Amino acid sequence: MKTILLFLVFGMITQLADSQFSKTLFNSYDNYKFNEISSRRFKHAELIQHLGTIKKSLGDLVTIEQLGSSAENRSINLLSLGTGKTKIFLWSQMHGDEPTATMGLLDLLNYISKNKNSSEVKTILSETTLLIIPMLNPDGAERFQRRTSQGIDMNRDAVRLQTPEAKILKSTRDRFDPEIGFNLHDQDPRYSVGDKGTVAAISLLAPAYNVEKTDNVVRTRAKKVASELTLVLQQFVDNHIGKYDDAFEPRAFGDNIQKWGTSVVLIESGGWKDDNDKMFIRKLNCVGLLSVFHSIATKSYERTSTDVYENIPMNTKNLYDIIVEKATITFSDGRPSIVADIAINKEEVHDSTGAWWKGRVVDFGDLSVFSAHEKWNGIGKSIESSLIEMNDIVKIDEVKNIFHK
Ligand SMILES: [Zn+2]
């Protein structure tokens, strides 16, 4: 009976067990915000400089290791902190124009350096090991674009692993086999929460690892972490937290990393009124992550009900006109060639000659999950990248002549 009661009391917690740490983090943010970054349009060179500053202030508490380089030879680095058994893996900005969480990571590193002797930081660093890759797509960040310099959406390259950046993410996950992971992105700041009409400041997802979207130990743990993060954030932005669509995406990193055994939570930084640079959302990332690190360190999140996550209101295409399948894309400047599918949609043009159709390249990479009115076989056929860049207008007949002989 006692066991049952205890289970009832402790088995289904839908309130935050300890709200003080997160409130203190929120209220004292200006004391530890990483002020060297005040605009979201920072590039790799600046990040490297900031990592030097962080290294100086954290000293032996952090090690920085270069994991490898982007296609254009910019370094991709791993920061490791802590000596604990529970490994927490975080990676940001795999989409180059999604820098909000990178800023939040610098804030939280700065918090740790300024509060090295606080009981919370000591608990976090003794019970967990933080493994952080800030800015996975430095070439994309250089251009402030989603895709890598090779035109690939890295979050659709988890299986084919054509890009050097995706290979780094995969090999790092495999090397450490972390228990918990945070996949850090930005979403369109115009997403809203359910039917509330409020802007989604943050959207969360515990990605599915299969089409059936079933739960296993790994995904259930991710849902508990997401529930805990929701409880933290609700204190500050109640009604501004959305749930991302959990349809299984077989090419995405979140879904695959969940499948590979690391409990993944996707955090999408959304929007906030009069905050184009997303500085408030940056703060939410920092406060939310530090709070959840502590809950993971104390294992208090394990008692949080997954209902909290399941009850978050939802925040959502898959037919193209033409897909050229598995074409070889060559780069005139020496970057390695890649195999990619090319999606082209037809757009009607009205001009003095009458109405006609032009094509626009609307997607590029692994498009195997999409259907199309026409599929053209690109296997064994090459096209120079500059001819089919994203959003380019293409002459449909010319492309057809290359691939449709
Ligand atoms: Zn993204």
What is the extension gain from residue 53 to residue 174, computed as 0.36 nm multiplied by their sequence separation minus the C-alpha to C-alpha distance, in nm to one decimal? 40.7 nm
Expected unfolding gain across residue 235-residue 188 under the 0.36 nm per residue rule, minus the alpha-carbon gap, is 14.6 nm
If you place +1 on the Cβ of every Lys and Arg, -1 on the Cβ of every Asp and Glu, and leave all else neutral, what size is the dipole of the chain about its Cα centre, to the nearest 20 Debye? 960
Listed by chain and number, the residues whose amide H is under 5 Å from that of residue 69, excluding neighbours fewer than 5 places away on the same chain and using placed H, are 76
Which of the lysines could a cross-linker span from residue 395 if the Cα-Cα distance has to be under 20 Å and same-chain partners fewer than 8 positions apart are dropped? 326, 346, 358, 375, 381, 405
Determine the calculated [θ] at 222 nm for the chain from helices alone, applying -39500 (n - 2.57) to every DSSP H run no shorter than 4 residues and normalising by the residue count; nearest 500 deg cm²/dmol. -10000 deg cm²/dmol
Spacing of the two label points (7 Å from each Cα toward its C-beta) at residue 161 and residue 345, in nm: 3.3
Between residue 28 and residue 302, Cβ-based FRET efficiency (R0 35 Å, step 0.05) works out to 0.80
Scoring segment 319-403 by relative contact order with C-alpha pairs under 8 Å, at least six apart, yields a percentage of 37
Per residue, how much accessible area does segment 319-403 show when a 1.4 Å probe rolls over the protein heavy atoms, in square angstrom? 53
Roughly how many Å is it from the Cα centre of segment 292-309 to that of segment 250-265, as a whole number? 19
Protein accessible area in the chain, 1.4 Å probe - carbon and sulfur %: 48
Tell me the accessible surface of residue 240 in square angstrom (1.4 angstrom probe, heavy atoms of protein chains only), to the nearest ten. 40
Tell me, what ³J(HN,Hα) does each residue in segment 185-195 have, in order and in whole Hz, if you take phi through Karplus 6.51 cos²θ - 1.76 cosθ + 1.60 with θ = phi - 60° and put x for Gly and Pro? 10, 10, 10, 3, x, 9, 5, 10, 9, x, 9
Taking a ≥ b ≥ c as the square roots of the eigenvalues of the Cα gyration tensor of segment 2-310, is the shape rounded (a/c under 1.5), prolate (a/b larger than b/c) or oblate? rounded
Tell me whether segment 305-356 comes out rounded, prolate or oblate; compute the Cα gyration tensor, take square roots of the eigenvalues as a ≥ b ≥ c, and use a/c under 1.5 as the rounded threshold. oblate
Between rounded, prolate and oblate, where does segment 122-245 land on the alpha carbon gyration tensor, with a ≥ b ≥ c its root eigenvalues, rounded for a/c under 1.5, else prolate if a/b exceeds b/c? oblate
Rank 163, 24 by accessible area, highest first, at a 1.4 Å probe radius? 24, 163
How much accessible surface does residue 65 have with a 1.4 Å probe, in Å² rounded to 10? 70
Dipole check, segment 2-310, charges on Cβ (K,R +1; D,E -1), about Cα centroid: among 226, 105, 210 the Cα furthest to the positive pole belongs to 105
Counting only protein heavy atoms and leaving out ligands, DNA and RNA, the solvent-accessible surface of residue 387 at a 1.4 Å probe, in Å² to the nearest 10, equals 100
Under 5 Å, built H, 5+ apart or other chain: amide partners of residue 91: 133, 182, 184
Taking K and R as +1 and D and E as -1, what net charge do the other residues with C-beta under 14 Å from the C-beta of residue 163 add up to? +3
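The values are calculated or read from the model by the stated rules, or taken from the named source; none is laboratory data. Keep in mind that what you see is a predicted model, and the values were worked out from it rather than measured. When we count neighbours, we look across all protein chains shown, and the Cβ atoms used for this are built from the backbone with ideal geometry, even at glycine. Remember, those area values only see protein heavy atoms, side chains included, never the ligands or the DNA or RNA. Shrake-Rupley method; radii C 1.70, N 1.55, O 1.52, S 1.80 Å.
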